[in-house]
Amino acid sequence: MPISPAANALDALSTEPLTILQEVFGYAAFRGHQQAIVDHVTGGSDALVLMPTGGGKSLCYQIPAIARHRAGKGVTVVVSPLIALMHDQVGALEEVGVQAAFLNSSLSLEDTQRIEREMMAGRMVLLYAAPERVTNVRFQAQLASLHERGLLSLFAIDEAHCVSQWGHDFRENYLQLNILHERFPDVPRLALTATADDQTRADMIERLQLQDARVFISSFDRPNIRYALVEKDEPRKQLLRFIRDGHDGDAGIVYCQSRKKVEETAEWLNQQDGITALPYHAGLDAGVRQKNQDRFLREDGVVMVATIAFGMGIDKPDVRFVAHLDLPKNIEAYYQETGRAGRDGTPADAWLTYGLADVVNQRRMIDESPAHDDFKRVQRGKLDALLAMAESHGCRRVSLLAYFGEDSQPCGNCDNCLHPPATWDGTEASRKILSGIYRFWQHGQHRFGAGHLIDVLRGKLTDKVEQYGHQTLSTFGVGADMSENQWRAVLRQMVALGHVVAEGEYNTLTLTDSARAVLRGEVQLTLREAADAPKRGRAARTTSKPSASADLNGDALARFADLKAWRAGVAREHNLPAYIVFNDATLADMARIAPQTLGEMGGISGVGAKKLQAYGDQILAVLNPLFSGDA
């Protein structure tokens with residue numbers, strides 16, 4: 001990729017971080033822990049940063065990189081697993097006048113050599129590269145040469161949770177990154193991630209040799225995201241209702257567990273009026289994946305249907321919803337995936353539908369994996385935390401934040417807070433479930449799953465029931481007063497609570513040790529009512545279509561539309577997503593304020609010096625058709 005001619009336009013400016021934030025990026029003040037992190041790293045110290053998606057992690061290394069480069073300390077190397085997204089990350093920096101580049105296999109030999117020359121000369125501010133490149137012999141030799149000349153400024157390790165085997169996205173090539181500290185111990189390192197529990201944090205510190213690093217932990221709360229988890233019942237139709245109920249025309253992500261389900265769901269959504277859906281999974285041709293990802297990033301209102309192969313590092317700010325048609329593998333994965341919604345800070349939805357089969361499948365995948373027993377034990381605990389949140393009668397956000405060690409109060413913005421779930425004393429129903437499973441084993445036959453158990457409890461005389469003589473069991477018909485869906489809800493909650501497990505190829509139901517106390521009536525179980533049970537006091541959900549332009553009207557709304565059309569043209573010309581040129585919030589401020597001069601425009605949040613120079617006259621012309629260009 002050619003180097004931007006804007007290379008050193010701002011190099012003569014201040015090395016003061018706040019001044020860089022204002023002049024380069026156009027923001028008046030730091031948020032949260034950003035100031036402390038930036039000052040710490042700019043001063044040459046190591047740091048581990050945990051900050052939620054949308055919290056501004058990139059600025060935590062970009063500003064120190066600029067400040068240290070202006071002070072003559074050379075290049076910052078950003079380690080990122082996201083080859084497909086490096087282009088946009090570098091493009092965003094070039095838009096604000098910072099010399100940046102990436103090195104990966106998509107480049108021609110000529111472009112690679114040009115970028116390496118800039119890097120080795122110390123003119124590069126930030127260089128993005130994948131971990132396998134950073135740790136190879138040739139690149140290490142280049143780093144050593146920079147280091148000898150005092151031109152190796154900083155290492156930023158993005159998505160640092162990938163180094164942990166306990167994390168939700170372990171990548172083996174991250175394990176070799178400890179070489180950075182071993183070979184260049186005096187070069188500061190900054191490791192960043194949006195998601196890590198205590199165990200994953202400890203693993204990151206050990207494997208990256210960050211024992212002396214200062215740890216910055218921001219709140220994991222994303223208050224603009226509304227969490228909702230519903231029982232699975234015709235999931236496609238449920239998904240469509242969810243989209244129609246406030247998200248028509250919105251950008252969103254729909255996660256599915258299998259590649260086949262991704263393709264079938266995308267095809268089905270495309271058949272619905274007004275929905276543009278694209279598939280994304282690792283089995284697709286690389287060119288198709290890249291094309292679909294580019295469309296999602298660059299077009300408005302595209303729904304990406306994907307496996308977990310999609311999403312890490314997605315910076316699209318206006319994703320209004322993330323939907324799961326299958327249960328994620330643990331609570332960290334759920335947090336990471338739902339965190340891709342609402343990065344712009346305006347309201348967004350995280351919606352999940354799940355059922356008994358999801359719980360059974362996730363447990364089976366853990367049990368049948370080739371991993372060692374300690375790993376399986378930890379993964380079961382992480383899944384249990386997600387199930388506890390899913391079956392909770394209380395605030396979803398309180399459960400989610402508690403997993404990451406953060407105390408909170410009921411949020412008033414999740415399904416349980418807005419519409420408290422109806423509950424009932426499920427102790428006797430639970431005992432019937434457990435007794436039914438026990439009677440199978442007592443009868444000398446135990447290879448039975450949920451469907452057969454429910455048939456027996458409901459007194460349904462099927463061929464299979466008669467074949468095994470289960471109509472003679474004392475549990476036959478004891479649950480005839482409950483529907484199949486109600487029994488599935490009870491069984492799902494028993495599995496989630498750990499009293500029942502489903503084992504083997506046939507999902508054979510088995511009792512755990514904790515089931516004894518329930519069977520003996522020593523434990524009272526308060527359960528959520530099933531979807532088809534009577535609902536008590538459940539108000540209809542109200543939705544809105546929030547956006548950065550929600551408070552605009554009349555002339556301001558027309559100006560906003562004109563600015564978006566202008567931005568789309570610039571984005572196409574530069575081959576970048578539109579939000580990298582200016583995000584919606586900045587355009588909305590322009591439309592609202594309607595600046596008449598470049599000076600007035602320079603005071604708008606998100607308008608830095610380089611963008612003001614590059615686009616100021618064009619924007620004033622859009623806002624003021626009679627603008628003469630001499631402001």
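The values are calculated or read from the model by the stated rules, or taken from the named source; none is laboratory data. Please read these numbers as outputs of a predicted model, since none were measured by experiment. Positions of Cβ are generated from backbone atoms using ideal geometry, with glycine treated the same way; all protein chains shown enter the neighbour counts.
Given the condition in a loop (DSSP other than H, G, I, E, B) and not polar (S, T, N, Q), answer yes or no: does some residue in the stretch 483-496 qualify? Explain how you work it out, then say what you get.
Applying the first criterion (in a loop (DSSP other than H, G, I, E, B)) to the stretch 483-496 yields 483.
Still in the running and not polar (S, T, N, Q): none.
The answer is no; no qualifying residue exists.
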Those residues of the stretch 413-436 which are surrounded by fewer than 17 Cβ atoms within 10 Å (Cβ to Cβ) and small (Gly, Ala, Ser) amount to ALA422
Matching residues in the stretch 252-309 (over 24 Å from ASP584 (Cβ atoms) and among the aromatic types (Phe, Trp, Tyr)) number 2
Can you list residue pairs whose Cβ atoms sit under 6 Å apart, with the first residue in the stretch 37-49 being farther than 14 Å from PHE155 by Cβ and touching a residue at least 60 places away in the same chain (Cβ under 8 Å) and the second being of a type in the set (Phe, Trp, Tyr) and part of a strand (DSSP E or B)? Count only pairs 6 or more apart in sequence or on different chains. ILE37/PHE216
Filter the stretch 196-209 down to the residues that are part of a loop (DSSP other than H, G, I, E, B) and under 15 Å from ILE157 (Cβ atoms), then identify the one that is farthest from the chain's Cα centre (by Cα). GLN209
Look through VAL98, VAL38 and report the one residue that is out of contact with any Cys (no Cβ under 7 Å at 6 or more places or on another chain) and surrounded by 20 or more Cβ atoms within 10 Å (Cβ to Cβ). VAL98
For the subset of the stretch 208-222 comprising residues that are surrounded by fewer than 18 Cβ atoms within 10 Å (Cβ to Cβ) and either of a type in the set (Lys, Arg) or in contact with a Gly (Cβ under 9 Å, 6 or more places away or on another chain) (or both), which member is farthest from ASP315 (Cα to Cα)? ARG214
In this structure, is VAL622 assigned to a loop (DSSP other than H, G, I, E, B) and at negative phi? no
Go through the stretch 210-243 and report how many residues are part of a helix (DSSP H, G or I) and among the charged types (D, E, K, R). 3
Taking only pairs six or more apart or across chains, which ones have beta-carbon atoms under 7 Å, a first residue in the stretch 390-408 that is surrounded by 15 or more Cβ atoms within 10 Å (Cβ to Cβ), and a second residue that is among the charged types (D, E, K, R) and part of a loop (DSSP other than H, G, I, E, B)? ARG397/ASP221; LEU401/ASP221; TYR403/ASP197; PHE404/ASP197; SER408/ASP221
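For (1) in a helix (DSSP H, G or I); (2) farther than 26 Å from ALA309 by Cα; (3) modelled with pLDDT under 95; (4) β-branched (Val, Ile, Thr), each residue gets a yes or a no:
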residue	(1), (2), (3), (4)
LEU21	yes, yes, no, no
ALA36	yes, yes, no, no
VAL41	yes, yes, no, yes
VAL49	no, no, no, yes
PRO52	no, no, yes, no
ALA101	no, no, no, no
In the stretch 572-584, anything farther than 18 Å from GLY97 by Cα and surrounded by fewer than 20 Cβ atoms within 10 Å (Cβ to Cβ) is listed as ARG572
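In this structure, is GLU116 touching a Leu at 6+ places or on another chain (Cβ under 9 Å), more than 28 Å from MET51 (Cβ to Cβ) and among the acidic types (Asp, Glu)? Don't jump to the end; show me each part of the working.
Working: touching a Leu at 6+ places or on another chain (Cβ under 9 Å): yes; more than 28 Å from MET51 (Cβ to Cβ): yes; among the acidic types (Asp, Glu): yes.
Yes; evaluated as a whole, the condition is true for this residue.
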Filtering the stretch 547-585 down to residues that are assigned to a loop (DSSP other than H, G, I, E, B) and hydroxyl-bearing (Ser, Thr, Tyr), which residue is modelled with the lowest pLDDT? SER547
Quick one: VAL523 ticks every box in (1) of a type in the set (Val, Ile, Thr); (2) within 29 Å of the chain's Cα centre (by Cα); (3) modelled with pLDDT of 50 or more bar one, so which box is it? (2)
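Table: residues versus (1) in contact with a Phe, Trp or Tyr (Cβ under 9 Å, 6 or more places away or on another chain); (2) closer than 17 Å to MET312 by Cβ.
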{"site": "CYS162", "(1), (2)": "yes, yes"}
{"site": "TYR174", "(1), (2)": "no, yes"}
{"site": "LEU177", "(1), (2)": "yes, yes"}
{"site": "LEU180", "(1), (2)": "yes, no"}
{"site": "LEU190", "(1), (2)": "yes, no"}
{"site": "ASP198", "(1), (2)": "yes, no"}
{"site": "ASP203", "(1), (2)": "yes, no"}
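For GLN379, are the conditions met, namely being under 24 Å from PRO81 (Cβ atoms), within 17 Å of the chain's Cα centre (by Cα), of a type outside the set (Asp, Glu) and not in a loop (DSSP other than H, G, I, E, B)? Let's see the steps before the verdict.
Working: under 24 Å from PRO81 (Cβ atoms): yes; within 17 Å of the chain's Cα centre (by Cα): no; of a type outside the set (Asp, Glu): yes; not in a loop (DSSP other than H, G, I, E, B): yes.
Answer is no for this residue.
Considering only residues that are among the small types (Gly, Ala, Ser), at pLDDT 95 or above and surrounded by fewer than 21 Cβ atoms within 10 Å (Cβ to Cβ), which ones fall in the stretch 223-257?
We begin by selecting, within the stretch 223-257, every residue among the small types (Gly, Ala, Ser); these are 228, 246, 249, 251-252.
Among the residues that remain, those that are also at pLDDT 95 or above are: 228, 251-252.
If the condition is that a residue be among the small types (Gly, Ala, Ser), at pLDDT 95 or above and surrounded by fewer than 21 Cβ atoms within 10 Å (Cβ to Cβ), then ALA228 is the only one that fits.
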Scanning the stretch 174-194 for residues that are out of contact with any Lys or Arg (no Cβ under 8 Å at 6 or more places or on another chain) and surrounded by fewer than 22 Cβ atoms within 10 Å (Cβ to Cβ), which turns out farthest from THR42 (Cα to Cα)? GLN176
For the stretch 139-177, give me the residue count where each residue is under 16 Å from LEU192 (Cα atoms) and polar (S, T, N, Q). 1
For the stretch 43-87, what are the residues that are surrounded by fewer than 22 Cβ atoms within 10 Å (Cβ to Cβ), among the hydrophobic types (A, V, I, L, M, F, W, C) and touching a Ser or Thr at 6+ places or on another chain (Cβ under 8 Å)? ALA71, ILE83
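Hey, among GLN62, GLN99, GLN140, which residue is polar (S, T, N, Q), touching a residue at least 40 places away in the same chain (Cβ under 8 Å) and closer than 17 Å to PHE184 by Cβ?
GLN140
Does at least one position in the stretch 156-173 carry a residue that is modelled with pLDDT of 95 or more and either surrounded by 16 or more Cβ atoms within 10 Å (Cβ to Cβ) or under 23 Å from HIS40 (Cα atoms) (or both)? Working first, answer last.
The first filter runs over the stretch 156-173 and keeps only residues modelled with pLDDT of 95 or more, leaving 156-157.
Pick out the ones that are also either surrounded by 16 or more Cβ atoms within 10 Å (Cβ to Cβ) or under 23 Å from HIS40 (Cα atoms) (or both) and you get 156-157.
Yes, there is a match, as at least one residue in the stretch 156-173 is modelled with pLDDT of 95 or more and either surrounded by 16 or more Cβ atoms within 10 Å (Cβ to Cβ) or under 23 Å from HIS40 (Cα atoms) (or both).
Could you tell me whether the stretch 123-130 includes any residue that is without any contact (Cβ under 8 Å) to a residue 12 or more places away in the chain and either surrounded by 22 or more Cβ atoms within 10 Å (Cβ to Cβ) or out of contact with any strand residue (DSSP E or B) (no Cβ under 6 Å at 6 or more places or on another chain) (or both)? Let's see the steps before the verdict.
From the stretch 123-130, those without any contact (Cβ under 8 Å) to a residue 12 or more places away in the chain are none; that's our starting set.
Checking the stretch 123-130: not a single residue is without any contact (Cβ under 8 Å) to a residue 12 or more places away in the chain and either surrounded by 22 or more Cβ atoms within 10 Å (Cβ to Cβ) or out of contact with any strand residue (DSSP E or B) (no Cβ under 6 Å at 6 or more places or on another chain) (or both).
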Take the residues of the stretch 502-513 that are outside any loop (DSSP other than H, G, I, E, B) and buried (at least 19 other Cβ atoms within 10 Å of the Cβ): which is farthest from the chain's Cα centre (by Cα)? LEU511
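Here is a check on your reading of the model: is PRO317 under 15 Å from the mean Cα position of the chain (by Cα), surrounded by fewer than 21 Cβ atoms within 10 Å (Cβ to Cβ) and not polar (S, T, N, Q)?
Values: under 15 Å from the mean Cα position of the chain (by Cα): yes; surrounded by fewer than 21 Cβ atoms within 10 Å (Cβ to Cβ): yes; not polar (S, T, N, Q): yes.
Against the criterion (under 15 Å from the mean Cα position of the chain (by Cα), surrounded by fewer than 21 Cβ atoms within 10 Å (Cβ to Cβ) and not polar (S, T, N, Q)), PRO317 qualifies.
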(1) buried (at least 18 other Cβ atoms within 10 Å of the Cβ); (2) farther than 19 Å from ALA530 by Cα: which one isn't true of GLY444, the others all being true? (1)
